[in-house]
1. Placing +1 at every Lys and Arg Cβ and -1 at every Asp and Glu Cβ, with all other atoms neutral, what dipole size does region 111-173 have around its Cα centre, in debye to the nearest 20?
2. Of all accessible surface on region 114-160 at a 1.4 Å probe, what whole percent is carbon and sulfur?
3. For an R0 of 35 angstrom, estimate the FRET efficiency from the Cβ-Cβ distance between residue 112 and residue 149 and round to the nearest 0.05.
4. With r defined as the distance between the Cβ atoms of residue 156 and residue 177 and R0 fixed at 25 Å, what FRET efficiency is calculated, to the nearest 0.05?
5. Which ³J(HN,Hα) values, rounded to whole Hz and listed in residue order, are derived for region 58-69 from phi using the Karplus coefficients 6.51, -1.76 and 1.60 in 6.51 cos²θ - 1.76 cosθ + 1.60 with θ = phi - 60°, glycine and proline given as x?
6. Report the percentage of all Cα-Cα pairs in region 120-194 whose separation exceeds 20 Å, rounded to a whole percent.
7. Would you please give the residues with an amide H less than 5 Å from that of residue 18, counting only those at least 5 places away or on a separate chain, with H modeled from the backbone geometry?
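The values are calculated or read from the model by the stated rules, or taken from the named source; none is laboratory data. As the structure is a computational prediction, the values presented were derived from the model and not from experiment. Every residue, glycine as well, gets a Cβ built from its backbone with ideal geometry; the counts of neighbours run over all protein chains shown. Remember, those area values only see protein heavy atoms, side chains included, never the ligands or the DNA or RNA. Shrake-Rupley method; radii C 1.70, N 1.55, O 1.52, S 1.80 Å.
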Amino acid sequence: MELQLDAKQGKKAKQKLLMRFPTLQLRVRYWTKSAMFFVTYSHNGKQYHETLLSVPKSNRLAYKQALERCEEIARKRDAELAQGLSGTMHIAVKRTSYLEFFKAVEATKKDASLYRAARLKFETFLKSQNRSDVTFSELNANLVTGFRDYLVAQAERKSISFSTAAKYCDVFRGVINEALRRELLARNPCAALKPIPKDTIEREFLTVSELKRLIATPLPNT
């Protein structure tokens, strides 16, 4: 199936349907010198697309390898959408709301209340940065380190305990790991993130000599 589409900068490109899956379609768009593979799907009445790979049209080997790789990605995306969780994740990954993804993961957890508390704390942190949300393209080491430092500052002010701050940080890292497993992130922004030390209860014990002195000490007259 081929059709003409108006492309960027006023040019025209041919688009071809390569494979049709239950929840999405794998297509290719031919430019003058290149071929761009992408998938499209509909969710809640909106159309989304994700660009996968772009290769030179003249390189047949690169085209074949790209096609095989894109078919593999398309099958995986189709399976994820069929499972339901990815239905709340817009496949245009760079523009995807991380908070929306967080909520989707949260809804699948038995300890959803802990995930919700961690998410709300992250939202409060974003508000302190004059932001209401963050996209996957904006998730970087500086942002996640800032959130960690924010949790530590909260614990130092005793707004929350260090144990709670550590749990929130672990939950945040867990959601990032879920995004990595689903190939929504190319790099792990938490790779160098240091864990938050949990509360330690200091216990004082008497030494052996102190115990002997205590035993040898006569009781006061009563």
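1. On the way: 10 positive and 7 negative charges, 35 e Å.
That gives region 111-173 a dipole magnitude of about 160 debye.
2. Result for region 114-160: 43 percent of the exposed heavy-atom area is carbon or sulfur.
3. Working: r = 26 Å, r/R0 = 0.75.
Plugging the Cβ-Cβ distance into 1/(1 + (r/R0)^6) gives 0.85.
4. Working: r = 27 Å, r/R0 = 1.08.
Using R0 = 25 Å, I get an efficiency of 0.40.
5. 7, 8, 5, 5, 5, 5, 5, 5, 5, 4, 4, 5
6. Numbers: 789 of 2775 pairs.
Within region 120-194, distances greater than 20 Å cover 28 percent of Cα pairs.
7. Under 5 Å from the amide H of residue 18: 26, 27, 28.
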